[in-house]
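S.K.: Below are the structure tokens for one structure; questions will follow.
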Amino acid sequence: MSHKIILTIDEQRVEAEKGMTVLQAAQKAGIYIPTLCADAALKPFGACRLCVVEVAKVRGFPTSCTLPAADGMVVTTSSPQIDRMRRNIVELLLSDHPSDCLTCPQNNRCELQTIAAYVGVRQMRFEGEKRAYPIDDSNPFFVRDLERCILCGKCVRVCDEIQGRNSIYYVYRGLKTKIATVMDRPLERSNCESCGQCVDKCPVGALYPKAAMRFGLPTQETKTICPYCGVGCSLILETRGNQIIGARGDPDGPANHGRTCVKGHFGYEFVNHLDRLTRPLIKRDGTFVESTWDEALDLVATRLAQTKATYGGDAIAFLTSAKCTNEENYLAQKLARAVFGTNNIDHCARL
């Protein structure tokens, strides 16, 4: 049985599991603490310093994302001094950050924008040194704009801790610090596998899908299953009208826990593609013509039966698809062996 930890956060009794941080305990209890670098799927990092709190009988202002929850702990998440510290942090972040929020591809999706409003930034007191980096649009699916990067490290950590690619890391020091690939090459020439996990984790507009330049915000979200293989990864599709404009992993998905491959994350445009077949085609007199499903299926069944009767079952071969479920692929091999009497069956994703 897991040990329950009882602590007090903002005069509210909170139960936490052993191993939880104060930030996780607060989030579980519905208590908001601003943060830009913390993520439930990543190890605590403490980079942005926005989640600082006060703890009774503890000196200073520890970051709640790295502070383990303990029995009897009394935590205050907001006070005049904490609010002032957070406001200063946000103002410093904004001092060298582009101010074109209305035209930013991540407008109304930006966590820095949300936190700036939360802490009450109403004017720019600091004028920082603006950075000038070329936009890297070499990747076919997303754009990297380092001028908007706040160095939270989420992209570096998800690439290392979850994907295991280590495609990017911090380089240089001081004001010149930035996120870069090996030898500072464009993403297209790195070992990036275009999974899009860094794009999902980025709290600002430093990484954004190219589709964000063509579409605005979605009007609806739908949970579904990725169609590309039998793993059954859960996806959340972002739609606008009848158009899919984005996809991301569902964090509640039991098979993928929010993770995606490049196909699941970016391979949705075929759904609305103008060349996609919406009705079966039958070749008549050397030309493909539209047909009904009943007519097409009857034709296939008739031809398969004729082929088996004339040449035997081994004249037929089956090729199944990774887009089918494991159960559907099992039924296909059973159809091949038990009905048609052939072992000529293969799978497009076999190893």
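S.K.: Residues being closer than 26 Å to Gly232 by Cα and surrounded by fewer than 12 Cβ atoms within 10 Å (Cβ to Cβ): count how many of those fall in region 296-322.
M.R.: 1
S.K.: Can you tell me which residues in region 2-34 are without any contact (Cβ under 8 Å) to a residue 60 or more places away in the chain and β-branched (Val, Ile, Thr)?
M.R.: Matches in region 2-34: Val14, Thr21, Val22, Ile31, Ile33.
S.K.: Mind listing whichever residues of region 92-132 are touching a Leu at 6+ places or on another chain (Cβ under 8 Å) and loosely packed, with under 14 Cβ neighbours inside 10 Å?
M.R.: Selection gives Asn108, Met124, Phe126, Glu129.
S.K.: Let me ask another. Residue check: is Arg86 among the basic types (Lys, Arg), buried (at least 17 other Cβ atoms within 10 Å of the Cβ) and either without any contact (Cβ under 8 Å) to a residue 12 or more places away in the chain or closer than 30 Å to Ile6 by Cα (or both)? Write out each step before concluding.
M.R.: Details: among the basic types (Lys, Arg): yes; buried (at least 17 other Cβ atoms within 10 Å of the Cβ): yes; either without any contact (Cβ under 8 Å) to a residue 12 or more places away in the chain or closer than 30 Å to Ile6 by Cα (or both): yes.
Yes, satisfied.
S.K.: Looking for something in contact with an Asp or Glu (Cβ under 8 Å, 6 or more places away or on another chain) and among the basic types (Lys, Arg) - is there at least one such residue anywhere in region 102-111?
M.R.: The answer is no; no qualifying residue exists.
Matching residues to (1) at positive phi; (2) in contact with a strand residue (DSSP E or B) (Cβ under 9 Å, 6 or more places away or on another chain); (3) assigned to a helix (DSSP H, G or I); (4) of a type in the set (Ser, Thr, Tyr):
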residue	(1), (2), (3), (4)
Ala26	no, yes, yes, no
Arg49	yes, yes, no, no
Thr66	no, yes, no, yes
Arg87	no, no, yes, no
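S.K.: Being among the aliphatic types (A, V, I, L, M) and either touching a His at 6+ places or on another chain (Cβ under 9 Å) or assigned by TED's automatic domain parsing to the domain that holds Gly249 (or both) is the filter here; which residues of region 8-52 pass it? Let's see the steps before the verdict.
M.R.: Within region 8-52, the first condition is being among the aliphatic types (A, V, I, L, M), and the residues that meet it are 9, 14, 16, 20, 22-23, 25-26, 29, 31, 33, 36, 38, 40-42, 47, 50, 52.
Correct list: Ala41 only.
S.K.: (1) touching a Pro at 6+ places or on another chain (Cβ under 7 Å); (2) surrounded by 15 or more Cβ atoms within 10 Å (Cβ to Cβ): which one isn't true of Trp293, the others all being true?
M.R.: Unmet for Trp293, out of (1) touching a Pro at 6+ places or on another chain (Cβ under 7 Å); (2) surrounded by 15 or more Cβ atoms within 10 Å (Cβ to Cβ): (2).
S.K.: Please count how many residues of region 222-281 are modelled with pLDDT of 95 or more and over 19 Å from the mean Cα position of the chain (by Cα).
M.R.: Adding up the residues that qualify gives 2.
S.K.: Could you tell me whether region 156-169 includes any residue that is on the phi < 0 side of the Ramachandran plot, among the hydroxyl-bearing types (Ser, Thr, Tyr), touching a strand residue (DSSP E or B) at 6+ places or on another chain (Cβ under 9 Å) and buried (at least 18 other Cβ atoms within 10 Å of the Cβ)?
M.R.: The initial filter retains those residues of region 156-169 that are on the phi < 0 side of the Ramachandran plot, namely 156-163, 165, 167-169.
In the following step, the residues that additionally are among the hydroxyl-bearing types (Ser, Thr, Tyr) were identified as 167, 169.
Cutting the leftovers down to touching a strand residue (DSSP E or B) at 6+ places or on another chain (Cβ under 9 Å) gives us 167, 169.
Within this subset, residues satisfying the condition of being buried (at least 18 other Cβ atoms within 10 Å of the Cβ) are 167.
Yes: one or more hits.
S.K.: Kindly indicate which of Arg189, Arg165 is of a type in the set (Lys, Arg) and more than 27 Å from Cys348 (Cβ to Cβ).
M.R.: On inspection, the qualifying residue turns out to be Arg189.
S.K.: Quickly run through region 68-81 and pick out the residues that are among the β-branched types (Val, Ile, Thr) and buried (at least 19 other Cβ atoms within 10 Å of the Cβ).
M.R.: So the first thing to find is which residues in region 68-81 are among the β-branched types (Val, Ile, Thr), and the list is 74-77.
Matches in region 68-81: Val75, Thr77.
The values are calculated or read from the model by the stated rules, or taken from the named source; none is laboratory data. The shown structure was predicted, so the numbers you read here are calculated from the model rather than taken from an experiment. No Cβ is skipped: glycine too gets one built from the backbone with ideal geometry, and neighbour counts run over all protein chains shown.
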